[in-house]
Amino acid sequence: MNELKGVHHVTAITSSAEKIYEFFTYVLGLRLVKKTVNQDDIQTYHLYFTDDVGSPGTDMTFFDFPGIPKGVHGTDEIFKTSFRVPNDAALEYWVKRFNRLKVEHTGMKEQFGKKTLSFVDFDDQQYQLISDENNKGVAAGTPWQKGPIPLEYAITGLGPVFVRISNIDYFKALMEEVLLFKETAAEGSSHLFETGEGGNGASVIVEYNTILPRARQGFGTVHHAAFRVKDRAELDEWMNRMQSFRLPNSGYVERYYFGSLYTNVYPQILFEMATDGPGFMGDEPYETLGEKLSLPPFFESKRDQIEKLIRHFDTVRSTKVFEKEYED
């Protein structure tokens, strides 16, 4: 049984597709590579923000479910998403940038030997930047070449996924015995689990917490986290493994940009296994990724209906020139 290769993507819920596009594009400097819809709820946008070329392990995605209430953070949730930056100096750049742009943050801290910087967006969605300076393991992605962030400081992919849990014994057994992660370190109430080549791109940090009330999902919270597998054959092996442990699962789900398998590993915690390919480059040219509404072939017959259901908003960037924004 091959181990999971690392983090594939994290999907969260936003109150505004337009505002999250502005935040990720102009503040964080991640590239929108796909503007599509939630395949299970076609009135809902699904936006994919990644590195320059849509590499697996670099994408944070968002749903904007109409009418959903604000979520409440607590225990028993995927509560924070992290992004990799090249080194500690990059974090110093981001502190200055966040101060200038009035992004709420904690200042630089250290966890498991890595420098970090936690921050939030307009929905109180929880994020962290993590330095790759002392990192080994899964390779980083390629920063958005034409974005506003100087390449030496830019985000290069996803870092550890953070889970807060009230039953650590159960969750540790699940991570190790079912999902084949290895616990490699512990600090206080936090436990570091790694898979595959390990490192920032293949880690889950689990915080044991019985004090906070149970989280409630809504905008400003994470919907699910996905982990990388090579191909359909490996995905099928994981499906058989889920069934052998009597862990309910979705069976194979065709998402066009990748194949998926979903399982609720704990109340309110949904994990997905997703294939590395085919990826995001097959239906749009590199130069204009994410600028038009992209639909998988099995939805093209519904395009007129979908375009009437969702709000149009402008995501054209190929006609713009982004000056690199250095922070003095």
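Tabulated data for the structure shown
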{"read-out": "Selection from Phe181, Thr61, Asn240 lying farthest towards where the dipole of the chain points positive, charges on Cβ", "value": "Thr61"}
{"read-out": "Cα gyration tensor shape for the chain, rounded if a/c is under 1.5, else prolate or oblate", "value": "rounded"}
{"read-out": "Shape of segment 119-233, Cα gyration tensor, a/c cut at 1.5", "value": "oblate"}
{"read-out": "Segment 229-292 and segment 1-52: distance between their alpha carbon centers, rounded to Å", "value": "15"}
{"read-out": "Peptide ranges 133-145, 155-167 listed from the most packed, as the mean C-beta count within 10 angstrom indicates", "value": "155-167, 133-145"}
{"read-out": "Theoretical gain in end-to-end length, Leu309 to Glu110 [0.36 nm per residue, Cα-Cα removed]", "value": "67.1 nm"}
{"read-out": "Two-decimal log10 I(q)/I(0) for segment 40-153, as the Debye equation yields it once each C-alpha is a single scatterer, q = 0.20 Å⁻¹", "value": "-1.31"}
{"read-out": "Structure-based [θ]222 nm, the chain - -39500 (n - 2.57) summed over DSSP H runs of at least 4, per residue, nearest 500", "value": "-4000 deg cm²/dmol"}
{"read-out": "Residue among Pro213, Ser203, Pro150 farthest towards the positive dipole end of segment 7-309, charges placed on Cβ", "value": "Pro213"}
{"read-out": "Charge dipole magnitude, Cβ of K and R +1, D and E -1 - segment 1-156, Cα centre, debye nearest 20", "value": "400"}
{"read-out": "Under 13 Å, Cβ to Cβ, from His191 - net charge with Lys/Arg +1 and Asp/Glu -1", "value": "-3"}
{"read-out": "Kirkwood hydrodynamic radius (C-alpha pairs) into Stokes-Einstein, segment 1-104, 37 °C and 0.692 mPa s, D in µm²/s", "value": "212"}
{"read-out": "Per-peptide average of other Cβ atoms within 10 Å, ordering 85-97, 210-222, 241-253, 23-35 highest first", "value": "23-35, 85-97, 210-222, 241-253"}
{"read-out": "Which of Pro278, Tyr93, Phe227, positive extreme of dipole for segment 7-309 (C-beta unit charges)", "value": "Tyr93"}
{"read-out": "Using θ = phi - 60° and Karplus 6.51 cos²θ - 1.76 cosθ + 1.60, couplings along segment 81-95 (whole Hz; Gly, Pro as x)", "value": "10, 10, 10, 8, 10, x, 6, 5, 4, 5, 5, 4, 4, 5, 4"}
{"read-out": "Derived scalar couplings ³J(HN,Hα) [segment 247-263; Karplus, 6.51 cos²θ - 1.76 cosθ + 1.60; whole Hz; x for Gly, Pro]", "value": "9, x, 8, 7, x, 5, 10, 7, 9, 6, 7, 6, x, 9, 9, 10, 8"}
{"read-out": "Rounded to the nearest 20 debye, dipole of the chain from Cβ charges on Lys, Arg, Asp, Glu", "value": "420"}
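Rule-based calculations on the coordinates, nothing more; no lab input. Keep in mind it's a predicted model, so treat the numbers as computed, not measured. Counting neighbours? That spans all protein chains shown, and the Cβs are built from the backbone with ideal geometry, glycine included.
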